[in-house]
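The values are calculated or read from the model by the stated rules, or taken from the named source; none is laboratory data. Keep in mind it's a predicted model, so treat the numbers as computed, not measured. Note: ideal-geometry Cβ built from the backbone for every residue, glycine included; neighbour counts use all protein chains shown. What goes into the accessible areas is simple: the full protein's heavy atoms, side chains included, and nothing from ligands, DNA or RNA. Shrake-Rupley method; radii C 1.70, N 1.55, O 1.52, S 1.80 Å.
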Amino acid sequence: MCKFICFIFVVSSMVVDGANRWLNNGEFCETPFGAFGTCELVRNCSYVKKIFSKPDFSAYDEEYLNSLKCGEMKIHGKKPFPLVCCPTFENVHCKNEFSNRIYDGITTQRGEFPWAALLFYDVGINRPVPKCGGSLISELYVITAAHCTTGKPQWQLLFARFNEFNTTSNENCTYIDEEEICRYDYAIESVIPHPDYGRNQNSQPNDICILRLATAVTFNFFVKPICLPLETDVQGLPVVKHNFTVTGWGETENAMRSELQLHVVIPGLDNTVCNSVYKVANVTLSDKQLCVGGLNGTDSCRGDSGGPLMRNVSNIWYLAGVVSFGARLCGTEGLPGVYTNVEKYLSWIEDITFVEQYW
């Protein structure tokens with residue numbers, strides 16, 4: 001009760017910068033951190049309510065909430081209620097002009113999947129080793145699999161690399177048509193696996209993790225984020241008999257690790273297919289997982305874990321899934337791979353990447 005009363009007191013005493021225009025309910029606005037949103041009542045803004053519900057709510061948070069006030073609104077003649085600039089969790093940079101173990105994979109062209117990350121670890125051999133993949137979703141955050149970051153004390157995650165052109169090369173830059181093209185390494189500041197990841201369960205539920213980078217990524221043609229499936233029309237698309245693309249640098253039919261980034265196109269299946277073929281291993285998928293693949297010789301594999309399962313909708317790439325697990329013999333016909341369904345974790349991703357970055 002005290003928190004609710006205190007919250008009303010805080011937002012009711014907000015003051016707005018005199019240089020800013022006083023907005024009406026529903027008008028577009030911009031937060032002090034540059035996020036776009038709409039001016040609306042506090043009670044309608046889950047973003048503000050999440051900040052206030054922090055167990056360590058501080059004077060800094062109060063100051064930030066004050067800075068969000070954008071207007072007032074009278075309801076039934078009562079004392080005016082404050083309006084706050086409520087930012088919208090949406091895709092921005094993934095749509096702008098910056099325009100497997102992969103088996104039987106196609107070599108990926110530079111800039112084709114510029115959000116694909118290769119994760120390097122210290123495994124005790126005096127040089128960083130790539131072990132997993134990931135997907136850039138904003139300037140500071142990468143999505144990968146929880147099993148790439150938990151339960152492996154001998155693996156120390158060091159950095160995420162983007163625009164990798166050859167994993168065997170010691171040179172960070174190369175030239176294409178006299179243009180210098182470089183790969184970029186970003187240190188990992190924090191690792192946030194899903195709190196309900198079932199590491200000891202055969203079906204590996206909630207196998208998803210968010211990495212916060214130590215410094216913000218500078219976007220260009222070769223490094224940019226992938227879109228999340230935030231739009232309802234994208235979320236409503238069927239999975240079964242529709243094509244998905246998975247990319248990575250993992251094991252191939254010829255090597256333990258691919259020198260070049262590869263990708264394959266694989267079909268979506270009903271989860272009952274995976275439940276049937278993996279019944280012997282006591283695996284039962286939930287609606288938070290996807291069953292994809294099962295083609296002979298075409299698959300994701302060890303080393304591709306955490307990488308993106310992608311879907312192209314009207315020439316825009318969306319992150320549909322995260323490589324989780326599959327058959328021991330990758331590329332075996334009739335044995336699909338299992339992927340974490342990103343759509344089911346959007347609220348959690350928002351809490352971690354969209355709310356926390358503003359305090």
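Could you list all residues from segment 38-57 that are at pLDDT 85 or above and hydrophobic (A, V, I, L, M, F, W, C)?
Correct list: Cys39, Leu41, Val42, Cys45, Val48.
Within segment 218-231, does at least one residue satisfy the condition of being under 16 Å from the mean Cα position of the chain (by Cα), over 22 Å from Cys132 (Cβ atoms) and aliphatic (A, V, I, L, M)?
Yes, segment 218-231 contains at least one residue that is under 16 Å from the mean Cα position of the chain (by Cα), over 22 Å from Cys132 (Cβ atoms) and aliphatic (A, V, I, L, M).
Wholly within segment 79-189, which strands (runs of 3 or more DSSP E) include no fewer than the required count, namely at least 3 residues that are farther than 25 Å from Asn315 by Cβ? Let's see the steps before the verdict.
Working: elements: 81-87, 116-122, 129-136, 141-144, 156-162, 173-176, 179-182.
Where strands (runs of 3 or more DSSP E) fall fully within segment 79-189 and carry at least 3 residues being farther than 25 Å from Asn315 by Cβ, they are 81-87, 116-122, 129-136, 156-162, 173-176.
Name, by its number, the condition in (1) surrounded by 16 or more Cβ atoms within 10 Å (Cβ to Cβ); (2) in contact with a Lys or Arg (Cβ under 8 Å, 6 or more places away or on another chain); (3) at pLDDT 80 or above that does not hold for Val11.
Unmet for Val11, out of (1) surrounded by 16 or more Cβ atoms within 10 Å (Cβ to Cβ); (2) in contact with a Lys or Arg (Cβ under 8 Å, 6 or more places away or on another chain); (3) at pLDDT 80 or above: (3).
Pairs only if they're at least six apart or on different chains, beta carbon under 6 angstrom, first in segment 191-208 and at negative phi and polar (S, T, N, Q), second surrounded by 13 or more Cβ atoms within 10 Å (Cβ to Cβ) and assigned to a loop (DSSP other than H, G, I, E, B); list them, first residue then second.
Asn202/Val283; Ser203/Val283; Ser203/Thr284
Can you tell which of Glu171, Glu139, Glu178, Glu112 is on the phi > 0 side of the Ramachandran plot and open to solvent by 60 Å² or more (accessible area, probe 1.4 Å)? Steps first, please.
On the way: Glu171 fails: on the phi > 0 side of the Ramachandran plot; Glu139 fails: on the phi > 0 side of the Ramachandran plot; Glu112 fails: on the phi > 0 side of the Ramachandran plot.
After ruling out the rest, the residue left standing is Glu178.
Conditions (1) farther than 25 Å from Tyr121 by Cβ; (2) open to solvent by less than 50 Å² (accessible area, probe 1.4 Å), marked per residue:
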residue	(1), (2)
Tyr197	no, yes
Gln201	no, no
Asn206	no, yes
Gly250	no, yes
Asp270	yes, no
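Identify, from the list Thr247, Thr218, the residue that is in a strand (DSSP E or B), closer than 24 Å to Thr108 by Cα and at pLDDT below 95.
Working: Thr218 fails: in a strand (DSSP E or B).
The conditions single out Thr247.
Given the structure, is Ala160 open to solvent by 40 Å² or more (accessible area, probe 1.4 Å), modelled with pLDDT of 95 or more and closer than 18 Å to Trp115 by Cα?
Working: open to solvent by 40 Å² or more (accessible area, probe 1.4 Å): no; modelled with pLDDT of 95 or more: yes; closer than 18 Å to Trp115 by Cα: yes.
The answer is no for Ala160.
If I ask for residues that are over 22 Å from Lys74 (Cα atoms) and of a type in the set (Gly, Ala, Ser), which ones from segment 26-62 would you list?
Gly34, Ala35, Ser53, Ser58, Ala59
Say whether the condition of being within 30 Å of Val277 (Cα to Cα), among the aliphatic types (A, V, I, L, M) and not in a strand (DSSP E or B) is met by at least one residue in segment 200-208. Full working, then the answer.
Just the residues of segment 200-208 that are within 30 Å of Val277 (Cα to Cα), to begin with: 200-208.
From the residues that got through so far, the ones that are among the aliphatic types (A, V, I, L, M) too are 208.
Restricting the remaining residues to those that are not in a strand (DSSP E or B) gives 208.
Checked segment 200-208: at least one residue is within 30 Å of Val277 (Cα to Cα), among the aliphatic types (A, V, I, L, M) and not in a strand (DSSP E or B).
Checking Arg21 against (1) among the charged types (D, E, K, R); (2) modelled with pLDDT of 80 or more; (3) open to solvent by 40 Å² or more (accessible area, probe 1.4 Å), which test does it fail?
Every listed condition holds for Arg21 apart from (2).
Being part of a loop (DSSP other than H, G, I, E, B) and open to solvent by 70 Å² or more (accessible area, probe 1.4 Å) is the filter; apply it to segment 221-244 and report the residue that is farthest from Glu343 (Cα to Cα).
Kept after step one, since they are part of a loop (DSSP other than H, G, I, E, B), are these residues of segment 221-244: 221-222, 224-226, 228-231, 236-242.
Subset that is open to solvent by 70 Å² or more (accessible area, probe 1.4 Å): 221, 241-242.
Working: Phe221: 26, Lys241: 18, His242: 16 Å.
Per the stated criteria, the residue is Phe221.
Taking into account only those residues within segment 295-347 that are open to solvent by 10 Å² or more (accessible area, probe 1.4 Å), among the aromatic types (Phe, Trp, Tyr) and at pLDDT 95 or above, which is nearest to the chain's Cα centre (by Cα)?
Applying the filter and picking the extreme gives Tyr318.
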